[in-house]
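> The structure under discussion is supplied below as structure tokens; questions concerning it will follow.
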Amino acid sequence: MKRFAQLIQQLELSNKTNDKIAALVNYFNYADDKDKVWVIALFTGKKPKRPIKSALLKYWAIEITQTPEWLFSESYSNVGDLSETIALLLPPAENTSDFQLHKWIENLHELEGKDDETKKEFILNAWNTLETNERFIFNKLISGNFRIGVSNKMLVNALAKQSSLDSAQIMHSIMGKWNPYEITFNELINGIHVNTDNSWPYPFCLAYALENEPETLGSISEWQAEWKWDGIRGQIVKRNGELFIWSRGEELVTEQFPELHFLIDILPDGVVLDGEILAVQNKQVLSFSTLQQRLNRKTINKKQLEDAPIGFFVYDILEYETNDFREQPLSERRKILVQLIGGLNESPVILSPVINCKSWEELAELRLTSRSINSEGIMLKKLSSPYHSGRKRGDWWKWKINPYTVDAVMIYAQKGSGRRANFFTDYTFAVRDGENLVTIAKAYSGLTDKEIKEVNSFVTRNAIEKFGPVRTVKPELVFEIAFEGIAQSKRHKAGLALRFPRILRWRKDKKADEINTLEDLRQLLKSTL
Amino acid sequence: MALIEFTKKGIYCKQGDFYIDPWWPVNYAVTTHGHSDHVRFGNKYYLCHTLTKPIIKRRISEDLNVETLDYGESIVRNGVNISFFPAGHIIGSAQVRLEYKGEICVVSGDYKIEDDGISTAFEPVKCHSFVSESTFGLPVYKWQKQDIVFDKIKSWVSDNITQQKTSILIAYSLGKAQRLIKNLTGNIPIYVHNSIANLNEVIINAGVNLPETIRITPEITKDELQKGIVIVPPVMRDSRWIKNLSHPVTGICSGWMQVRAHRRWQSADAGFALSDHADWTGLMDAITATGAEKVYVTHGFTAAFSRFLNDNGIESAEVTTKFGQEDDEENKVDLAEQNETK
């Protein structure tokens, strides 16, 4: 338990991925095997069943510390976490224990179905043998989630580093079905419970942004044009009767998208499809913000399925009849794809349409309508091209439409990292809302070094307040902010959030009273929904 | 009639015609300790502890008119007997005891109960009314013994040294810095920022026994610093100088580090719950020991702490003061200085 408590602390204190991975690797090197299995379970959302309600924990803590309820609430609002508040309120432990993490979990498991008196005795005893930070973990095991910023991907990378096994294989293993009470660590990471050969994805082929006019690419007849969709790039793998959905982040997301599970009966074995996971209704693509409601959830309820139905727009086929098909020219792959997918008319799996145009001018004209169908522009793929691994210049281009823009004023500045560590390079921007300024975005790229120096000197001269590394500055500098989309957001004061905001240019010609208003953005939001 | 009243300028004793830690200029300012939220520029006369005198002269101005008292000593002003008792907060910090016609009031300033080895240890003083801070006046703030915390800091430092990282502790120049120096001294050299070295000089000249430290100068190599302990004031935290050290890792020593949310917000590499203020238990013990009939609660969790005292049979009132804003003050001053030098 001590080791695990220490791991949690290390993970919480660092916001550098490398430090977090190092802490995880170190943990997996030395921890008990059974504990390791539970750590993987906890971090991937396989929580043990709660044997005790958290209201009871609070009640018992209040009772033994004789804290008035209102004072408990005051404390809770300062600490911000129930498990931690209880851990801090309790008097120092009188006994010690060397129980390991898995032992505590097993003991808690055994409490299920017992009466409240038995549970209370166990909990009070436990509290009296654990140090404050262990108590916090213990309470979390019963009542909460570990929100410590460890993604599945990070966990898998750490496991791969520690075990020298392939990370895709480990990802498949831990995303599969397993019982943490029974499986051993070695069985788990070696994927004894799953056939990892079945799930194998291919590296995605990625495109560069088109820098010149499309005419420079030669005749349009050598190219296939498609809409560029704004969703989650995904790969669907069907082998030996099993179906897997991978996201571009190399995460296995099969469980998140039940709408696509019917493919297990439709697709022949030995097929791998490349495409885009999108929010889709009546064959129309919905906004990215709708899709977002479905992302990174450990469970999905009926309402979410109804509010944000998803679909898969298929781009390409990488494996067919168990053969690696990537060296075939795009034109051939497309033919097979049409045969295979073209018939799925009423399903959420849709062949991403090819745009047929006679000339570049015609295509350029069409491109301007991208937004009306929630597309972000056009993809150009050479008909003779193979399916490359990763990003390669020449065969695939993305030709995106111009972003949305808004004029906003800078109100906070923070120093950057790396080469820009000495300068204020990370800015927070606000728009007007009546008399007030309300923040809408944080952005850090898009200025030249010379401009950065200029802004930096403004910040040092006009800092009003300091909060840690952040400076509040006089709202004076106006910037044009480009962004790709806009979504409702309860987390932001403005009630909306911009997607991919970045600085387009410094509007030295504008004053702070000429910036956009929150109402302008609300209008835009309405028009995209 | 009460011995003290809370006015716009600060805590005022009408019978004696003087203020305690006023925040606007007055004729006669009794000063509990040298932190900037308790002692300001512009008073005609200052009365403070002997050790506080050179500190405030250094920090505010050499020209201050300062009278001093040792702990246990007293003077009479307009019939009010003023005496000082150790507050245990920082070097020279004093509780101010006022006595007039048998009525006793104690203004404690900032205080902590645990003996930190460098500030004279807190002494409870019997009184009728007591003015207490409440910086950590919630029951979730209960400190571990300082030996345990210092063991943690020491093992953090030695781990850093083996991993080729440079250990940087963030601490106020006055108070926390000396406490760290006193308790961390050993085989590992301690390097201190100029502002700390300057105050150390003052304190050593005043006769305090402070372990040896090394003032950071451009001649000291990164390699040397990596093998030592570096102590700098909060304003240096995000400085280029720190970023340029070899694998710098920062540790914050503050009572707020008790709580995860505060630790994360600070984005330091390590947080150690080490405070110069009394914790919940300390506040309660101190108040009980005074036997006071009336307790005035100033800066901190005033509402909650005062309500708890009232519910437990100790008459209490919240008082709004300008204490507890030291961090902001120091930062603003330093910010201004930085701007000037650029």
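> Right, A:Phe424: within 14 Å of another protein chain (Cβ to nearest Cβ) and more than 26 Å from A:Ala308 (Cβ to Cβ) or not?
Judged against the criteria, A:Phe424 is a match.
> Also, quick follow-up: Checking the structure you have, find out if any residue of the stretch A:22-37 is within 21 Å of A:Phe136 (Cα to Cα), within 14 Å of chain B (Cβ to nearest Cβ) and in contact with a strand residue (DSSP E or B) (Cβ under 9 Å, 6 or more places away or on another chain).
no
> Among the strands (runs of 3 or more DSSP E) lying completely within the stretch A:141-258, list those that include at least 1 residues that are small (Gly, Ala, Ser), within 24 Å of the chain's Cα centre (by Cα) and crowded, with 16+ Cβ neighbours inside 10 Å.
Where strands (runs of 3 or more DSSP E) fall fully within the stretch A:141-258 and carry at least 1 residues being small (Gly, Ala, Ser), within 24 Å of the chain's Cα centre (by Cα) and crowded, with 16+ Cβ neighbours inside 10 Å, they are A:232-239, A:242-247.
> Of the conditions (1) of a type outside the set (D, E, K, R); (2) modelled with pLDDT of 95 or more; (3) over 15 Å from B:Phe130 (Cβ atoms), B:Met284 fails just one. Which one is it?
(3)
> Taking the stretch A:455-484, which residues are free of Cβ contacts under 8 Å to residues at least 40 places away in the same chain, surrounded by fewer than 16 Cβ atoms within 10 Å (Cβ to Cβ) and within 10 Å of another protein chain (Cβ to nearest Cβ)?
Matches in the stretch A:455-484: A:Ser457, A:Arg461, A:Ile464, A:Glu465, A:Phe467, A:Gly468.
> Here are A:Ser73, A:Ser54, A:Ser77: which of them is touching a residue at least 60 places away in the same chain (Cβ under 8 Å) and more than 30 Å from A:Leu188 (Cα to Cα)?
Criteria check complete, one pass: A:Ser54.
> Say we look at the stretch A:500-516 and pick out the residues that are assigned to a strand (DSSP E or B) and surrounded by fewer than 18 Cβ atoms within 10 Å (Cβ to Cβ); which of these is modelled with the lowest pLDDT?
Applying the filter and picking the extreme gives A:Arg505.
> Pairs needed: first member in the stretch B:99-111, basic (Lys, Arg); second member anywhere, modelled with pLDDT under 95; C-beta distance under 6 Å; at least 6 residues apart or different chains.
none
> Let me ask something else. Quick check on my filter: what residues within the stretch B:18-46 are surrounded by 14 or more Cβ atoms within 10 Å (Cβ to Cβ), assigned to a loop (DSSP other than H, G, I, E, B) and not hydrophobic (A, V, I, L, M, F, W, C)?
B:Asp21, B:Pro22, B:Thr31, B:Thr32, B:His33, B:Gly34, B:His35, B:Ser36, B:Asp37, B:His38, B:Arg40, B:Asn43
> Identify the residue in the stretch B:128-165 that is assigned to a helix (DSSP H, G or I) and among the β-branched types (Val, Ile, Thr) and, among all such residues, is farthest from B:Leu245 (Cα to Cα).
Among those residues, the one meeting the criterion is B:Ile148.
> Do we have A:Ile105 as farther than 30 Å from A:Leu252 by Cα, in contact (Cβ under 8 Å) with a residue 60 or more places away in the chain and away from chain B (no Cβ under 12 Å) here?
Judged against the criteria, A:Ile105 is not a match.
> Can you spot a residue in the stretch A:38-53 that is within 14 Å of chain B (Cβ to nearest Cβ) and not small (Gly, Ala, Ser)?
no
> Follow-up question, since we're still on this one. Would you check if there is a residue in the stretch A:267-278 being in contact with a strand residue (DSSP E or B) (Cβ under 9 Å, 6 or more places away or on another chain) and assigned to a helix (DSSP H, G or I)?
Taking every residue of the stretch A:267-278 in turn, none turns out to be in contact with a strand residue (DSSP E or B) (Cβ under 9 Å, 6 or more places away or on another chain) and assigned to a helix (DSSP H, G or I).
> B:Ser267 is checked against (1) within 14 Å of chain A (Cβ to nearest Cβ); (2) out of contact with any Phe, Trp or Tyr (no Cβ under 6 Å at 6 or more places or on another chain); (3) at pLDDT 90 or above and fails just one. What number does that condition carry?
(3)
> Here are some conditions: (1) within 30 Å of A:Phe72 (Cα to Cα); (2) of a type in the set (Phe, Trp, Tyr); (3) part of a loop (DSSP other than H, G, I, E, B). A:Phe138 meets all but one. Which one does it not meet?
(3)
> Show me the strands (runs of 3 or more DSSP E) entirely contained within the stretch B:173-281 in which 1 or more residues are in contact with a His (Cβ under 7 Å, 6 or more places away or on another chain).
B:229-232
> Taking the stated definitions as given, is A:Tyr320 farther than 29 Å from A:Leu524 by Cα and touching a Ser or Thr at 6+ places or on another chain (Cβ under 7 Å)?
No: the conditions fail for A:Tyr320.
> Right, another one. Considering every residue within the stretch A:433-441, establish whether at least one is surrounded by fewer than 18 Cβ atoms within 10 Å (Cβ to Cβ), more than 14 Å from chain B (Cβ to nearest Cβ) and in contact with a Phe, Trp or Tyr (Cβ under 8 Å, 6 or more places away or on another chain).
Yes, because at least one residue in the stretch A:433-441 is surrounded by fewer than 18 Cβ atoms within 10 Å (Cβ to Cβ), more than 14 Å from chain B (Cβ to nearest Cβ) and in contact with a Phe, Trp or Tyr (Cβ under 8 Å, 6 or more places away or on another chain).
> Hey, another quick one. Checking the condition more than 19 Å from A:Leu7 (Cβ to Cβ) and modelled with pLDDT of 95 or more, which residue from A:Glu63, A:Glu110 passes?
On inspection, the qualifying residue turns out to be A:Glu63.
> On the given criteria, is A:Ala364 in a helix (DSSP H, G or I) and of a type outside the set (D, E, K, R)?
So A:Ala364 fits the description; yes.
> Please indicate, with yes or no, whether at least one residue in the stretch B:128-144 is surrounded by fewer than 23 Cβ atoms within 10 Å (Cβ to Cβ), within 29 Å of A:Ser77 (Cα to Cα) and away from every other protein chain (no Cβ under 13 Å).
There is no residue in the stretch B:128-144 that is surrounded by fewer than 23 Cβ atoms within 10 Å (Cβ to Cβ), within 29 Å of A:Ser77 (Cα to Cα) and away from every other protein chain (no Cβ under 13 Å).
> One residue is enough: does the stretch B:50-58 have a residue meeting the conditions surrounded by fewer than 18 Cβ atoms within 10 Å (Cβ to Cβ), of a type outside the set (Val, Ile, Thr) and touching a helix residue (DSSP H, G or I) at 6+ places or on another chain (Cβ under 7 Å)?
yes
> Are any of the residues in the stretch B:185-207 touching a residue at least 40 places away in the same chain (Cβ under 8 Å), over 23 Å from B:Phe272 (Cα atoms) and β-branched (Val, Ile, Thr)?
Yes: one or more hits.
> Whether any residue in the stretch A:396-407 is among the hydrophobic types (A, V, I, L, M, F, W, C) and within 14 Å of chain B (Cβ to nearest Cβ) is what I want to check.
No, because not a single residue in the stretch A:396-407 is among the hydrophobic types (A, V, I, L, M, F, W, C) and within 14 Å of chain B (Cβ to nearest Cβ).
> Right, next: Can we say A:Asn356 is surrounded by fewer than 17 Cβ atoms within 10 Å (Cβ to Cβ) and more than 14 Å from every other protein chain (Cβ to nearest Cβ)?
In short, yes.
> Listed residues A:Ile220, A:Ile174; which is touching a residue at least 60 places away in the same chain (Cβ under 8 Å), more than 28 Å from A:Lys49 (Cα to Cα) and not hydroxyl-bearing (Ser, Thr, Tyr)?
A:Ile220 is the lone residue from the list that is touching a residue at least 60 places away in the same chain (Cβ under 8 Å), more than 28 Å from A:Lys49 (Cα to Cα) and not hydroxyl-bearing (Ser, Thr, Tyr).
> Only residues that are within 12 Å of chain B (Cβ to nearest Cβ), surrounded by fewer than 19 Cβ atoms within 10 Å (Cβ to Cβ) and farther than 21 Å from A:Ile8 by Cα: list them for the stretch A:54-77, please.
Passing the criteria: A:Ile62, A:Thr65, A:Gln66, A:Pro68, A:Glu69, A:Trp70, A:Ser73, A:Ser77.
> Follow-up question, since we're still on this one. Which pairs turn up if I take residues in the stretch A:5-22 that are of a type in the set (D, E, K, R) and look for partners that are assigned to a helix (DSSP H, G or I) and at pLDDT below 85 with beta carbon separation below 8 Å, at least 6 apart in sequence or on another chain?
A:Glu12/B:Arg263; A:Glu12/B:Arg264
> Sticking with this one: Every residue in the stretch B:270-293 that is without any contact (Cβ under 8 Å) to a residue 60 or more places away in the chain and away from chain A (no Cβ under 13 Å), please.
Hit for the stretch B:270-293 is B:Thr288, nothing else.
The values are calculated or read from the model by the stated rules, or taken from the named source; none is laboratory data. All values derive from a computational prediction rather than experimental measurement. Positions of Cβ are backbone-derived with ideal geometry, glycine not excepted, and every protein chain shown enters the neighbour counts.
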